[in-house]
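What follows draws every value from the coordinates through simple rules; no lab data is involved. Keep in mind it's a predicted model, so treat the numbers as computed, not measured. Here the Cβ is made from the backbone with ideal geometry for all residues, glycine too, and neighbour counts use every protein chain on show.
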Amino acid sequence: MVLGGYGGVGKEVSQKLLKYTNSNITISGHNIEKAEEYASFLRKLFPNKNVFSCYADATKKNSLIEAFKKIDLVIITSTTPDYIDLIAEAAIETETDMIDILVRGDVVDKLEKYRKSIISNNRIFITQAGFHPGLPAPIIKYASNKFDVYETANVVMVMNSLFQKPESTYEIIHEIGEDNAQILKDGKWKKATYKDALKIQFSNKFGTCQCYPLQMKEIYCLQKVLGISNMGVYSAGFNPFVNNFVFPLVILLQFIKKGFGKRFCGILMYWGIKKYYNNEPGVELQLQAFGYKGGNKTKFTLKMLSQNAFEFTAIAIIACLNQYLDYSINKPDLYLMGNIVDEKRIIDDLKTMGLQIEEE
């Protein structure tokens, strides 16, 4: 089941599921008319596949329980982090596995309290799936065989994309307001600020951008695993209006009171991105890694480029799902996508699905 399957990401996930897997799928959401309309479209597009529709409201646990009864796996593509408890409880009660694409760090904390129930009910929950989060940890691990001594790994991203609706900005607004970015510097984790920003040269489409540190929980465990001394995940802003006016306003309002002005800032951010949109969509995710190979100082760069953020998210989810569907991921537990997938295989699958990947 794709919860929110008629939304921007949901549509891409649904199509990629039908194209690249043998799954039967159900499109669900609180608007049953939209769910059935898109399911009907998919049945015409994929006449040999089974596509169903179903009512499921993330704010109403009973509707979720009813919807999940005959479902093996639910993929949450709706922006519903505030209702993750209801979704998780319904999935556990109906013995349904779950994957979400939610960005907010507190979603991981909320799901953590269900870990014992997830394991005891023989379930697999994968959170923070997609490309950002989802891919930073795997590409950092992927680079480890390029060095004898692996010192520094920075993942940077720039994106030019429209949001589907103002509510789609809420997770970003929440994370900005939390001000919880961390980076690893000289072997120690530290709270990061705008002073830790990196100036990065991206492809010609984006040019040079200032990238600001983020919270990215999936990378925290890599320090001990890889012996890295410096590590972080950074993202460029959207445009001068959003970066210099909306983001500072979000920080100010969240400092006054958590959640204060969220709706207003969401509308403002949505409008600002749309107003200054240059009609050149795209995403670039880049790893810049440094260390020593054969006694020589070495830099390894990996670039992932996509024209469509929704499609990029979808194929990253499918690449993760491939490892779930063939039981490579088979132990019941709660996982972050970035920590459970095999890094080489996920990059190979992304290439197979058409993602442009460059290594240097």
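When the helices of the chain are scored as -39500 (n - 2.57) per DSSP H run of n ≥ 4 and the total is divided over every residue, the value at 222 nm lands at -11000 deg cm²/dmol. Seen from a random direction on average, the alpha-carbon convex hull of the chain projects onto 17.8 square nanometres. Taking 7 Å steps out from each Cα toward its Cβ at Lys190 and Phe52 produces label points 5.5 nm apart. Straightening the chain between Ser117 and Glu178 buys 19.1 nm, computed as 0.36 nm per residue apart minus the Cα-Cα spacing. Taking trypsin sites (Lys or Arg not before Pro) across the range 222-278, the ones in a DSSP loop with at most 14 further Cβ atoms lying within 10 angstrom of their Cβ are Lys257, Lys258. Measuring r between the beta carbons of Lys165 and Asn296 and using R0 = 45 Å, the FRET efficiency lands at 0.35. Potential lengthening of the chain between Cys221 and Asp82 amounts to 47.4 nm, from the contour at 0.36 nm per residue minus the alpha-carbon distance. Residue-wise HN-Hα couplings along the range 263-275, as the Karplus relation 6.51 cos²θ - 1.76 cosθ + 1.60 with θ = phi - 60° gives them from phi, are 5, 4, 5, x, 5, 5, 5, 4, 5, x, 5, 5, 4 Hz; Gly and Pro carry x.
Think of the range 132-191 as a dipole: +1 on every Lys or Arg Cβ, -1 on every Asp or Glu Cβ, centred on the Cα centre; then among Phe163, Gly177, Thr152, Thr152 lies furthest on the positive end. Mean separation of Cα pairs under 8 Å and 6 or more residues apart, divided by the residue count, gives the range 154-239 a relative contact order of 39 percent.
Enclosing the Cα atoms of the range 1-103 in their convex hull gives a volume equal to 84 cubic angstrom per residue.
D by Stokes-Einstein for the range 136-308, Kirkwood Rh over Cα pairs, 20 °C, 1.002 mPa s: 125 µm²/s.
Taking other residues whose beta carbon is less than 15 angstrom from the beta carbon of Phe255, and scoring Lys, Arg as +1 and Asp, Glu as -1, yields 0.
Using θ = phi - 60° in the Karplus curve 6.51 cos²θ - 1.76 cosθ + 1.60, the 3J(HN,Hα) couplings for the range 130-136 round to x, 9, 7, x, x, 9, x Hz; x is entered for Gly and Pro. Specify the inter-centroid distance of the range 23-74 and the range 167-193, based on alpha-carbon positions, in whole Å. Here the two parts' Cα centres lie 34 Å apart.
Each Lys or Arg adds one and each Asp or Glu takes one away; over the other residues whose Cβ falls under 15 Å from the Cβ of Asp82, this sums to -3. With Cα atoms as the point set, the radius of gyration and Dmax of the range 102-237 evaluate to 16.3, 51 Å. Computed on the chain, with alpha-carbon pairs under 8 angstrom and 6+ residues apart, the relative contact order is 20 percent.
In nm, give the distance between the simple-model label positions of Tyr277 and Asn244, each being 7 Å from the Cα along the Cα-to-Cβ direction. Label-label distance for Tyr277 and Asn244, simple model: 2.3 nm.
Taken one residue at a time, the phi angles of the range 198-213 give Karplus couplings (6.51, -1.76, 1.60, θ = phi - 60°) of 10, 8, 10, 8, 9, 5, 4, 4, 9, x, 8, 10, 7, 10, 10, x Hz. Gly and Pro are set to x.
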